[in-house]
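S.K.: Below is the structure I would like to discuss, written out as structure tokens.
The values are calculated or read from the model by the stated rules, or taken from the named source; none is laboratory data. Nothing here was measured: the structure is a model prediction, and the numbers come from that model. Methodologically, a virtual Cβ is constructed for each residue, glycine included, from the backbone with ideal geometry; neighbour enumeration extends over all protein chains shown.
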Amino acid sequence: MTKFALFGASGAIGRSVAAALRAQNTPYRVVGRSRASLEQAFGSDPLAEIVTWNPDDPESVRIAARGVDTIIYVVGVNYWEFSLHPQLMQKTLDGAIAENVKHIVLCGTVYSYGRPQTEFVSEDHPRSPHTFKGKMRKAQEDILLAAHANGKIKATVLRLPDFYGPGADKSLLDGVFKAAQNDKTAQMIGPIDTPHEFIFVPDAGPALVALAKEENAYGKVWHFAGAGITTQRKMAEKIFETLNKKPRLMIAPPWMVRVIGWFDKFIRELVEMSYLQTTPVLMDDSALRNLLPNLHKTSYEEGIKKTLAAGG
């Protein structure tokens, strides 16, 4: 039996999970729509079994889940297609349950909380999403945890803040890394001086794998916070300074983002999430650190150095 399957494996978090399993010499299955993408990312790894799936085909989902003990679910969708999140979760669960998969771990976000009601948000903070994306993420979690409550599968959720690191091209900081490396001005969405936190992508994989192996984790939601409170400006300045360059930043105010959104579909979808720039969700992850005390968090300084060394 293949113990682990990574659904949505070719993204940055999926590659981090694969690296964590590889470091433990653990065979794993990678599941995605594009065989070419999977081959490019995992084709040279003898531990990786490559399987393609079509979520709209129930038999394809069952084949992807067949013989698996644990699914680590890191399936992403386009930012303008968040309505797919609950649908894809339900289709995955149907196939996994039919194939007697024991465990499923969802890599989640802070979107389901909506605006924070406390300075630091723990797992019992109310989920009151006021955005469409937050509502879709909440629905995704609810479907998963209902399956656990009904005894159909053991499920857990690990919520992460924003991330950065090698290959994290959807990060808020990706453009800053590229600008600094190419002697250009980094274009950022303001405000960038409010408190913020980031997860270094290579730290996420080991956390997800460790959680998946912990039987006491299931039936609950967990937080994995960043390496401390910072700001986007501090991170951007450090990226430039690490390359011995003077920071060059151009900050787009919220009104400008709305105007750009008239012409750019991705930017248009960022508008409703702008509250995170002014009232960020800062995570309390003391429960996870008590459960898994050996988890590692890379400092921002070291994470920036490693990201630049890897080419961004």
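S.K.: How about region 104-124: which of its residues are without any contact (Cβ under 8 Å) to a residue 24 or more places away in the chain and assigned to a strand (DSSP E or B)?
M.R.: none
S.K.: Now a separate question. Identify, from the list E119, E123, E141, the residue that is in contact with a strand residue (DSSP E or B) (Cβ under 9 Å, 6 or more places away or on another chain) and buried (at least 20 other Cβ atoms within 10 Å of the Cβ).
M.R.: Values: E119 fails: buried (at least 20 other Cβ atoms within 10 Å of the Cβ); E123 fails: buried (at least 20 other Cβ atoms within 10 Å of the Cβ).
Only one candidate qualifies: E141.
S.K.: So, one more: Note down all Cβ pairs under 7 Å where the first residue falls in region 25-38 and is assigned by TED's automatic domain parsing to the domain that holds V209, the second is among the basic types (K, R) and not in a loop (DSSP other than H, G, I, E, B), and they're at least six residues apart or on different chains.
M.R.: Short answer, once both residue conditions are applied: T26/K3.
S.K.: Can you find, within region 261-274, the residue that is farthest from T131 (Cα to Cα) among those that are surrounded by 16 or more Cβ atoms within 10 Å (Cβ to Cβ) and among the aliphatic types (A, V, I, L, M)?
M.R.: Selected residue: I267.
S.K.: So is V157 touching a residue at least 24 places away in the same chain (Cβ under 8 Å), touching a Cys at 6+ places or on another chain (Cβ under 9 Å) and not polar (S, T, N, Q) or not?
M.R.: Details: touching a residue at least 24 places away in the same chain (Cβ under 8 Å): yes; touching a Cys at 6+ places or on another chain (Cβ under 9 Å): yes; not polar (S, T, N, Q): yes.
Considered against the rule, which asks whether it is touching a residue at least 24 places away in the same chain (Cβ under 8 Å), touching a Cys at 6+ places or on another chain (Cβ under 9 Å) and not polar (S, T, N, Q), V157 comes out as yes.
S.K.: Note down all Cβ pairs under 6 Å where the first residue falls in region 65-88 and is surrounded by fewer than 22 Cβ atoms within 10 Å (Cβ to Cβ), the second is modelled with pLDDT under 95 and in a helix (DSSP H, G or I), and they're at least six residues apart or on different chains.
M.R.: Y79/F266; Y79/E269; W80/K265; W80/E269
S.K.: Output the number of residues of region 226-256 satisfying the condition of being under 29 Å from E272 (Cβ atoms) and of a type in the set (S, T, Y).
M.R.: Total meeting the criteria: 2.
S.K.: Condition (residue is in a loop (DSSP other than H, G, I, E, B) and among the aromatic types (F, W, Y)) applied to region 62-79: is it met by at least one residue? Steps first, please.
M.R.: Our first condition is that a residue be in a loop (DSSP other than H, G, I, E, B); within region 62-79, this holds for 66-67, 74-79.
With the extra rule that they be among the aromatic types (F, W, Y), the set shrinks to 79.
Yes, some residue in region 62-79 is in a loop (DSSP other than H, G, I, E, B) and among the aromatic types (F, W, Y).
S.K.: Take region 281-303 and flag every residue that is under 21 Å from P191 (Cα atoms) and either modelled with pLDDT under 95 or outside any loop (DSSP other than H, G, I, E, B) (or both). I'd like the intermediate steps shown before the answer.
M.R.: First, the residues of region 281-303 that are under 21 Å from P191 (Cα atoms): 281-283, 300.
L282, M283, Y300, listed by residue number.
S.K.: Quick check on V101: is it assigned to a loop (DSSP other than H, G, I, E, B), under 27 Å from V271 (Cα atoms) and assigned by TED's automatic domain parsing to the domain that holds L38? So that I can check it myself, show each step before the final result.
M.R.: Details: assigned to a loop (DSSP other than H, G, I, E, B): yes; under 27 Å from V271 (Cα atoms): no; assigned by TED's automatic domain parsing to the domain that holds L38: yes.
Judged against the criteria, V101 is not a match.
S.K.: May I ask you to verify whether V105 is among the aliphatic types (A, V, I, L, M), buried (at least 17 other Cβ atoms within 10 Å of the Cβ) and either farther than 30 Å from K297 by Cβ or within 21 Å of the chain's Cα centre (by Cα) (or both)? Even if it seems obvious, please write down each step before you answer.
M.R.: Details: among the aliphatic types (A, V, I, L, M): yes; buried (at least 17 other Cβ atoms within 10 Å of the Cβ): yes; either farther than 30 Å from K297 by Cβ or within 21 Å of the chain's Cα centre (by Cα) (or both): yes.
Taking the combined requirement at face value, the residue satisfies it.
S.K.: With A236, A310, A252 as the choices, which residue is over 28 Å from G219 (Cα atoms) and more than 23 Å from the chain's Cα centre (by Cα)?
M.R.: On the way: A236 fails: more than 23 Å from the chain's Cα centre (by Cα); A310 fails: more than 23 Å from the chain's Cα centre (by Cα).
Of the residues listed, the single one that is over 28 Å from G219 (Cα atoms) and more than 23 Å from the chain's Cα centre (by Cα) is A252.
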